[in-house]
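This report concerns only the one structure given below.
Read-outs throughout are calculated quantities, based only on the coordinates presented, and are distinct from any laboratory measurement. In this text the structure is predicted, and so the values were computed from the model without any measurement. Here Cβ is always computed from backbone atoms with ideal geometry, including for glycine, and neighbour counts include all displayed protein chains.
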Amino acid sequence: MTNKSEKPLILIIDDEEALRDGCRQVLEKCGYAVLTAEQGIEGINLAREHVPDMAFVDLKMPNISGMEIIEILSRDIPDIVLVMITGFATIVSAVEAMQKGAYDYLPKPFNPDQLRALTKRGLDHRNLKIETRKLREEKDQMEKNFITFVSHEMRSPLVVIRQYIEALNEIAGDRFDKDVREIIERCRKRIQSLEEMVEHWLDISRIENGTLAQQKVSLSLASIISRSVEEMTPICRKRGISLETNIPKKLPQITGDAESLVRVFTNIIGNATKYTPGEGKITVSAQHDEYYTTASIADTGMGISPDKLSLIFEPFFRCGGKNEKHSGSGLGLTFCKKIMESHKGCIAVSSKEGEGTTFVLTFPAQINPARKASGAIS
Ligand SMILES: Nc1ncnc2c1ncn2[C@@H]1O[C@H](COP(=O)(O)OP(=O)(O)OP(=O)(O)O)[C@@H](O)[C@H]1O
Ligand SMILES: [Mg+2]
């Protein structure tokens, strides 16, 4: 049950009855709804049930301490404003409470004016926080819609321009001198990567709104890997990189869309070829246990610095920014992550600069009807 009343709901957790009653009277007079709890566990349960806007928590209570309550409530109820009440406010305890998620602290004894002022300030802070988050979400959505709109509009003219360039090359290519042919080829490549970026973005928005055609069937991960490796072998050979696989003979079937999964593997192997120097090695391996089937793609390339590692799945992020040596739009890994999520799986990365990068794709094991029927849950 959540707080349905229009009034802001305030929870007081304090083992002193007089303090609870005093706070209740003051706050109810201000037009707030008030809940009180004498004990920490009771307070946590009330908070989980009624989702208050703000809670005052006594630091010193029997059984569970105020600090622990603050930690639990700030984790469980994201927008709650928490205030620690304390009889012996020390800087250390105040800092600790703030670190655990408290907004402020109220030293005992306090008067009604102080309580009213802090409550109003806390609730204003909460409203501002919620408002800011909503605006940020709206802004993100508008940006996404805008990019999707522009991508749609750009797609047809891009295809037409590329076809004209190709036609020009075919009709009159041999009449141009080398310099002109080079310029035309550069135009063609640039248009092609723009086209690929538009397609990538549209695919990502299709996954997000559930309109990317995906046929989820039972399939062999080994065959997805071998199809992907076959596709990527020529480019590896061209770059002098060895591409090896290490797949156990008996790998369980997974549930997925073959085309999307091949694209996930080719994207990751493609990245590995871009960011691994010649003589390097890419190894694709797979393993499984009762619960998961995983595939790893490891390279011996340049690696990714720790501060950038958490950003590489963000749209348009590229470690080298505008100076990135290799062409690309920074959408490949965003696409892979979305595809993995649509398979109820996940993608993880670990890397060491100068040594290499490993991507791990995890797929949930298929539910075995025989095991389920026997009720065998270990
Ligand atoms: N194997 C890797 N080794 C080192 N850096 C990598 C590796 N894979 C990805 N990165 C870094 O992560 C960034 C994001 O990768 P992502 O595949 O999303 O984009 P991209 O390859 O730059 O462009 P796109 O895939 O859209 O053509 C890359 O630009 C690169 O900086
Ligand atoms: Mg890529």
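R0 = 30 Å: FRET efficiency of residue 348 with residue 188, Cβ-based, nearest 0.05?
0.25
Which ³J(HN,Hα) values in Hz, rounded to whole numbers, follow from the phi angles of the stretch 280-290 under the Karplus curve 6.51 cos²θ - 1.76 cosθ + 1.60, where θ = phi - 60° and Gly and Pro get x?
x, 9, 10, 10, 9, 10, 9, 8, 8, 9, 5
For the stretch 22-36, just list the computed ³J(HN,Hα) in residue order, Karplus coefficients 6.51, -1.76 and 1.60, θ = phi - 60°, integers in Hz, with x standing in for Gly and Pro.
Once rounded to whole Hz, the list reads x, 4, 4, 4, 4, 6, 5, 4, 7, x, 9, 8, 10, 10, 10.
Amide H to amide H under 5 Å from residue 245: which residues, 5+ apart in sequence or cross-chain, H placed 1.01 Å off N in plane?
Answer set, sorted by chain and number: 284.
What nm value, rounded to one decimal, do you get for the distance between residue 219 and residue 289 when each label is placed 7 Å out toward the C-beta?
It is 2.7 nm.
Using 20 Å bins from zero, what percent of all Cα-Cα pairs in the chain falls into each bin?
The percentages, shortest bin first, are 21, 35, 32, 10, 1.
With everything on Cα atoms, drop me the angle between helix 258-274 and the longest principal axis of the chain, reported from 0 to 90° to the nearest 10.
On a 0 to 90 degree scale, this one is about 80.
Mind listing the long-range amide H neighbours of residue 365? Cut-off is under 5 Å, sequence gap 5 or more, other chains count too, H placed in the peptide plane at 1.01 Å from N.
So residue 365 has HN proximity to 292, 293.
Applying 1/(1 + (r/R0)^6) with R0 = 41 Å to the Cβ-Cβ distance of residue 244 and residue 141, what FRET efficiency is obtained, to the nearest 0.05?
For residue 244 and residue 141, the calculated efficiency is 0.40.
Using 7 Å Cα-to-Cβ label points, what is the residue 365/residue 255 separation (nm, one decimal)?
Output for this residue pair reads 1.5 nm.
Roughly how many nanometres apart are two label points built 7 Å out from the Cα toward the Cβ at residue 92 and residue 48?
3.2
Contact order normalised by length for the stretch 130-253, with contacts defined as Cα pairs under 8 Å and 6 or more residues apart; what percent is it?
That works out to 25 percent.
At 0.36 nm per residue, and after removing the present C-alpha to C-alpha distance, how many nm does the segment from residue 167 to residue 152 gain when stretched out fully?
3.0 nm
Could you run the Karplus curve 6.51 cos²θ - 1.76 cosθ + 1.60 with θ = phi - 60° over the stretch 163-168 and give me ³J(HN,Hα) per residue in whole Hz, x for Gly and Pro?
For the stretch 163-168, the Karplus curve yields 5, 4, 4, 5, 5, 4 Hz.
Can you tell me, using C-alpha contacts under 8 Å and at least 6 residues apart, the relative contact order of the chain as a whole percent?
10
Defining a contact as two alpha carbons under 8 Å apart and six or more residues distant in sequence, what relative contact order in percent does the stretch 217-370 show?
24
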